[in-house]
Every structure is written in C-alpha cells, then in structure tokens.
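Participant: I'd like to ask you about the structure that follows.
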Amino acid sequence: MQHAYSDDFPEPVATPAKVEGQTHLTADKLDGEMNKVLKARGNVVVTRDDARLTSDWLDYYQDKNELKGGDRFTLTRPHERVDGTTITYDMDTHTGDGQKPVFSGGTPPMVLRGNGERVEFRGPDRYALYNSRATTCSVNDDSWYLVSSRLDLDYTTEVGVAHNAWIQFQGVPLLYTPWIDFPLDGNRKSGLLVPSFTSGTRGLGIALPYYWNIAPNYDATITPSYSQTHGTGLGLELRYLQPDYSGTIYTDQRLNDPTTNTHRYLWSVKHTQTLAPGLTMGVDATTVSDDNYFTDFADRITIADNTNLLRQAWVNYAYSWNGGSASTGLVAQRYQTLQNTSNSVTPPYALLPQLSFSANQSLPANFSANLTSSITRFSHPTLQEGDRTILYPSVSWNFDQMWGFVKPKIGVNYTYYDLSAYSGTAEHSITRTLPIFSTDSGLYFDRDTTLGGTNYTQTLEPRLYYLYVPVRDQSKIPAFDSSLNDFSFARLYSENDFSGGDRINGANDLTGGLTTRMLNVDTGREIARLMVGQRYYLNKQYINSSGTIVTHDSNSNYLVSLAGEPIEHWNFDSLLEYDPISRQSQQYNAQLRYQPATGKTVSLRLRFQREGQTDVDGNLQDLHQIDFGFQWPLTRNWYALFHKQYSLQDKQALDTLAGVEYNEGCWTLRLVADRYVTNYVNVTNSIFFQIELKGLGDLGTSPLETLRLAIPGYTKTNESQP
C-alpha cells in the first residue's frame, strides 16, 4: 500500500492538492516521528514545485526540510535530470550532493549529458560535477567527451566551466587546458576559444583566441598566435552595435617578423553612424605595413580581394517630400595599392573630396524630373590631376502595363574640368555638353502549352532600346575614373558603355533583344530561359577608352544566354558573345550544376575570354579555363571534396583542392589540402584540419570559406540545405 505525506498537514493524507512551496511525499511504506524524521521505503516519490525526486529509500528531516536517499535516486527539474546512488538534498535551497551521478541538462540542440563520481547541488539549476565526462552526443554515442576534474554547470547564466580538462576524442586525449568555459545554450560568452592550427607553405602555426563578451552590444576577440615562419603575433577584433552606430575595429600585429626583421601590421576600421534623421556618416579604411602582407598571412580569398585597399570617409544626407526625394553626400577616398613584384599596378585616383547631389520629382501623367550632379577633386602622385563638375538633369516618362512598357528619357550631361591648378599637358579647362536621349520599350506575350502531360507557360518578351548621344572627341579629357564596362546584357540596354564620368560614348544605336521562358505551371520552376541581343549602329562613329573618335562595324557582337533548370536539381547557365565578322567567339562561359540534396553537388564550368588576361610580361593573352568541383557522399558519413581550376591557355593548374568530410552527427571532421597560384611564379600550399564538436566548438583551422568559394553549392553536412 502506498502512503502520502505533506508537511503542511498534521497527519498523513492521501493525494493532497498540489500547493506552491509544499513538499509532497509518497512511498510504499512510511513511518517515523512527526516533525522530526520520516522514513519512506519503496517507490519513494518527493515533489516540491517543479522538482521531483525518486529513490528506493529516503529519510525526510521535516524540521530542516532535508532529504537523504538511496540506493538509487533520480532528481528531475524542467530540462534537467540527475541519476545516482545516494543523495543528500535540501528542498528549500536546492543544495546538497549525490554519488555516482549520471546527468543530462539543457534544451535541444544543446543537451549536455555525462557522468561523474560526485555531484554537488549548488542551488536552483546550478551543479558541480567531480571527475566527470560530458558530451553533447546523443545517448549511446560516446564519440567524444569533455573530461575534467570539476565541471560547473550554471543554467541560470547558461555557462559551463571545466577545470583541468581535456577533450577525449575516439578514446584519444586531445587539447589539455587547466580551465575552459563554454555556453550551455549555444549563445556567445566570454572565454577561451578552441585553438586553430595552420600548415603548408608558410609553415606550422597556432592561434589561441579569447572571446570577451563585454556587453550584449559589444564584444572583442583577442588572438595571440605563433607562426614557424613569421614569429609571434597578436590580433584584436572589436565589434560594437548601438541604435545609432555600429562598426568593427581589427588589427594584427607582428612586432618582429623573422623573414623581414620589421614590424608588420594590418589595421582595419569600419564604422557607420546616424547623426540625425536622414544624416549618416561612415568610415571604411584598411592599411597594411607592406605589399606582401596578404601574401604572407591571408588566404587566397583575401589575397584576391586586396590589391587596392580602400580608405574612405563619407557623410550623406537624404530627405524626401510628397512625390520626390533628394540626397547629398561628401566623400574623401584614397587607396593603398599593393604592388606585385612581377607586374606593377597603377593606383586609382584619390577623391579629395567628392561632393554629390541627386534628386527626383514625380510630375503629372507619369513624368518625372531627375538630377544627378557631383564636384570632384582628383589627386594622383604621377598622373594628371584636376577638378571635375558634372550636372545631368533629365526628364523621363514611364508607361508600364501588364502587356508591355515604354520608357523614354531625355537629358543633358554637362561636364566641366578645371586643370589650371595642376601640372600636365592637358588644357587648363575643358567643357563638354552632350544631350542624351533614350527610349526603352518591351512587350509581354505568353501562352499555355503541355509537354509530356505537364502544363507549362511559355513567354515571349521582345525588347527595343534606342539611344542617341552626339559623338564628341574627348581625347583631351583626362580619364580620372572611367573604364569600359564588360560587354553584357546590362551594357546593351544602358546609355553609357563606360563607368565613371569622363567618357560618354557617342551613339545612334538601336538594341534589339528577345527573351523567351518556359515555366512549370505547377511548381513555378523556370525550365529554360533563352536571351538574345544585338546592338545596331546607325552611326558607325564611337568613342574609345582614350576618348578618340573611331569607327566600328554596323552591328555589335551577338549576346546569347541559355539558362534554367530543365530537370529537377539540374541547373544550367551560359553566356556567349559572338563576333559575326570574324566568326569567332569573343567570350563564353557555361556552368552545369547538379545539387539534389545537402552534401551533394557537382559543378562543371568552362570559361573563355579573348585577350582576357596578361602574362608575366604584361602582354594580353586569351583566358581559357575549366573549373570542376564536387561534394559527394562516399558512405553514410564520409563525403569527398574536390575542386580543380585549370588554365587551358597556360597548360597548368591554377588551383587544386582535395579533401574529405566526415559527419557523425555530434562531431564533424574536415581534412582539406589546397594548392593555388598566388601570382605568375609563386604557388602556395595550405592544409586545413578541423574537428567540429557540436555545441562546444571546433579544433583546428576552418576551411569553410575556402570550400564555399571553390565548390559552388557546397553545404555543411551538419546543417540544413540553405
């Protein structure tokens, strides 16, 4: 027979109503002296609020509200459970200790479980486990454990701290540390992060980052490091976020690099701020100590992106009114240009400063008035300098219907150059005034069709774009910021073939284009998209990059694009530029990708551009490359990783990457080797080794950014498909 007892009643009663703060006890047998000690034997269950304790036997000291129990006990609270042999527990303070604990706590996916010799209960949701092992792996999976002499778990602050700890991975002890802390809920917290290791051409290296969670909107990462080649270093990244401003400050310092015997460094600052409604400002600046900094310390992604290091500060004010808006901005900008020993680079012009203003106003009958303008002072250490003023007012009309659109536009581009304050061979002042007229128009047709029992919608979208700009010689105008845009569909339908404001192509052109699409009615999937376009030159004169008037053929090259997903998970994309006069392709690229699920992707890309690169001597030569990559499962857990970029023109591999990824659910291993060309003569080798432990962190150096760049569609196998 089971008995029940409550400490708020003078005598035992059966199944009383549950009251907050009340201790309720049931057992097969109850005896003892009231208000002193109550002995419960067999199937003992004690509950108080959200805590529940079960055991084989239990002594309940009523005056202290303390319990002693065994031979087996189970203590549960929401999202927490501790099993053991014997227990001493204070129901008021939730303190005590237990022997031979087996524990689990937290909410998915961050559930920590393990065992130890003794557990110390330190209050609600606070524990200390001695000589323990802990893991986030599921039950019956003992792939890895965090072994420690003492493990403090505080679920009120969601912080775990391990003392004299190491990682035991597949039975092998790794990474001993006298102290380590980690979040119990997966959120950020202060503490040592897992060290990262590097190897390859630059030699062995190790970095030990410390994360400082200063406040909810401030944090910092301090990273001392050592490189076999470049000695000791110290990195610091500070991030901050406020309602009106945010930013990042980063630096890496090498006080005495053995390879150069100099102090080497990187500084980077990014800051944006709202000063008042509509008024914003920002700073974006990066500087390094020498031209070879990124080659020696960065990965290939950073090397490729950092030939010209931006240093910019700006202020912008934007405002709007009924039917209109305007913005004005002031920017100062210059670059640090990193020179390549095999091929020198001309630095871009500095803007010191540039003041810009733009506005638009809606007018009746779908008309609108627009203005773009700027005043810029261009500075350069070796090239012609000067001031440039641009005023470009225009009026446009927008007639847009479901069946088509017509968008005419007329404007006048006025440009003034003041070169009198600067040395050079150009004239002291130059004025250029060019009217610009364009009309963009298109029609939409569609029809329903059925193929193989599947319903489709086929569209037909013809488009005509007319552009008129008088041809004016611009050879005496400096080219401060202009360059010829790549030939593309966007350029076919734009009013200027050049970027910047120094070159405006003369034109009396008509561009004709046609797009047709095949859409699956049920899924909306674009089965195929074909685009064709060509520009017809009614006036054969045009402006080249130097500003000189030259002639071209009657028609431009053809542009053809074919893309779509003809079969589910199979994506195809291609672009071809074909010269009908020489009957040669000027450029083409085609990519085929198959991606049926997470961890499964195969891609093949072919790219060609006539005179699209320079050789080691600075001469133009064709660019002809093939690119192949895949991520594919070998077994249930093993995945193969591969990427190769090969230059058919140079007959050499530009990049070769090979690796494996193993996903066991609660841990993932990645081993990747990468060999890539950094310039015309140098090759860099890198080896990435990473063990990612679910909920705790990762060991080694992460190859994820390299894999995402090298293998289109790469996904982490322990994450869902994006």
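All of the numbers you see were taken from the coordinates with simple rules; none came from a lab. The structure presented is a predicted model; accordingly, all values stated were derived computationally and were not measured. Note: ideal-geometry Cβ built from the backbone for every residue, glycine included; neighbour counts use all protein chains shown.
Participant: Multiplying the sequence separation of Leu236 and Ser373 by 0.36 nm and subtracting their Cα-Cα distance, what value in nm do you get? Walk me through the numbers before you get to the answer.
Facilitator: Values: separation 137, 0.36 × 137 = 49.32 nm, distance 4.07 nm.
Fully extending the segment from Leu236 to Ser373 adds 45.3 nm.
Participant: Relative to 2.2 N^0.38 Å, what does the C-alpha radius of gyration of the stretch 596-722 come to as a ratio? Two decimals please. Please report the intermediate quantities before stating the final value.
Facilitator: Working: Rg = 16.7 Å, N = 127, 2.2 N^0.38 = 13.9 Å.
Normalised Cα radius of gyration, the stretch 596-722: 1.21.
Participant: Leaving out same-chain residues fewer than 8 places away, which aspartates and glutamates sit with a Cα under 13 Å from that of Lys29?
Facilitator: Reachable aspartates and glutamates: Asp56, Asp59.
Participant: I've got another one for you. If you average the C-alpha positions of the stretch 309-352 and of the stretch 208-227 separately, how far apart do those two centres end up, in angstrom?
Facilitator: About 31 Å separates the Cα centre of the stretch 309-352 from the one of the stretch 208-227.
Participant: Going through the stretch 510-591, which GluC sites (Glu not before Pro) have at most 16 other Cβ atoms within 10 Å and a DSSP loop state? Could the numbers behind the result be given before it?
Facilitator: Numbers: sites: Glu526, Glu568, Glu577; in loops: Glu568.
Those that pass, being in a loop and sparsely packed, are Glu568.
Participant: Specify which labelled value, from [x] 12, 32, 32, 16, 7, 1; [y] 18, 45, 28, 9, 1; [z] 14, 38, 30, 13, 4, 0, agrees with P(r) over Cα pairs in 20 Å bins from 0, in percent derived from the coordinates of the model shown.
Facilitator: It is the value labelled [x].
Participant: Which whole-number value in Å³ per residue fits the convex hull of the alpha carbons of the stretch 87-241? Let's see the in-between values first.
Facilitator: Numbers: hull volume 21.7 nm³, N = 155.
Normalising the Cα hull of the stretch 87-241 by residue number yields 140 Å³.
Participant: With a cap of 16 neighbouring Cβ atoms within 10 Å, and only residues DSSP puts in a loop, list the trypsin sites (Lys or Arg not before Pro) found in the stretch 47-110. Mind showing how you got there, number by number?
Facilitator: Working: sites: Arg48, Arg52, Lys64, Lys68, Arg72, Arg81; in loops: Lys64.
Within the stretch 47-110, the qualifying trypsin sites (Lys or Arg not before Pro) (loop, at most 16 other Cβ atoms within 10 Å) are Lys64.
Participant: Moving to a separate point now. Enter the Cα centre distance for the pair the stretch 21-84 and the stretch 468-507, rounded to the nearest angstrom.
Facilitator: 85 Å
Participant: Where a Cα-Cα gap under 20 Å defines reach, which aspartates and glutamates qualify for Lys651, not counting those fewer than 8 residues away within the same chain?
Facilitator: Glu611, Asp615, Asp617, Asp622, Asp627, Asp674
Participant: Right, something else. Quick one: length gained pulling Thr85 to Glu705 fully straight, 0.36 nm per residue minus the C-alpha distance? All intermediate terms of the calculation are to be shown ahead of the outcome.
Facilitator: On the way: separation 620, 0.36 × 620 = 223.20 nm, distance 4.86 nm.
Gain on extension, Thr85 to Glu705, equals 218.3 nm.
Participant: Give me Glu33, Glu461 ranked fewest to most by other Cβ atoms within 10 Å of their Cβ, as a rough exposure proxy. Intermediate results must be reported in sequence, preceding the final value.
Facilitator: Numbers: Glu33 9, Glu461 16.
Going from least to most buried by this count: Glu33, Glu461.
Participant: In the stretch 400-492, which trypsin sites (Lys or Arg not before Pro) are in a loop and have at most 16 other Cβ atoms within 10 Å, using DSSP for the loop call? Numbers along the way, then the final one.
Facilitator: Working: sites: Lys409, Arg432, Arg447, Arg463, Arg472, Lys476, Arg491; in loops: Arg472, Lys476.
Sparse-neighbourhood loop trypsin sites (Lys or Arg not before Pro): Arg472, Lys476.
Participant: Would you calculate, for the chain, the mean residue ellipticity at 222 nm contributed by helices, counting each DSSP H stretch of 4 or more residues as -39,500 (n - 2.57) and dividing by all residues, to the nearest 500?
Facilitator: The helix contribution divided over the chain gives -500 deg cm²/dmol.
Participant: Here's something else I'd like to know. With Cβ to Cβ distances under 9 Å as the rule, what net charge do the other residues near Leu562 carry (K, R +1; D, E -1)? Don't jump to the answer; show the numbers that get you there.
Facilitator: Values: positive: Arg529; negative: Asp573.
The answer is 0.
Participant: While we're here: Quick check: residue separation of Gln273 and Gln652 times 0.36 nm, minus the Cα distance between them. What number comes out in nm? Mind dumping the intermediate values first?
Facilitator: Working: separation 379, 0.36 × 379 = 136.44 nm, distance 4.78 nm.
Separation in residues times 0.36 nm, less the Cα-Cα distance, equals 131.7 nm.
Participant: Determine the sum of side-chain charges near Tyr646: Lys and Arg each +1, Asp and Glu each -1, restricted to other residues whose C-beta is under 10 angstrom from that of Tyr646. If you can, show how the numbers build up before the last one.
Facilitator: Values: positive: Lys644, Lys651; negative: Asp627, Asp650, Asp655.
Local charge sum for Tyr646: -1.
Participant: If the reach is capped at under 12 angstrom between alpha carbons, list the aspartates and glutamates near Lys476, excluding any in the same chain fewer than eight residues apart.
Facilitator: Glu427, Asp502
Participant: Could I ask something else about it? Would you mind computing, in nm to one decimal, how far apart the modelled labels at Asp92 and Val172 are, each placed 7 Å from Cα along Cα→Cβ?
Facilitator: The modelled label-to-label distance comes out at 5.4 nm.
Participant: What's the local net charge at Arg529, with K and R +1, D and E -1, over the other residues with C-beta under 15 Å away? Please report the intermediate quantities before stating the final value.
Facilitator: On the way: positive: Arg463, Arg517, Arg525; negative: Asp446, Glu461, Glu526, Glu565, Asp573.
With Lys, Arg at +1 and Asp, Glu at -1, the neighbours total -2.
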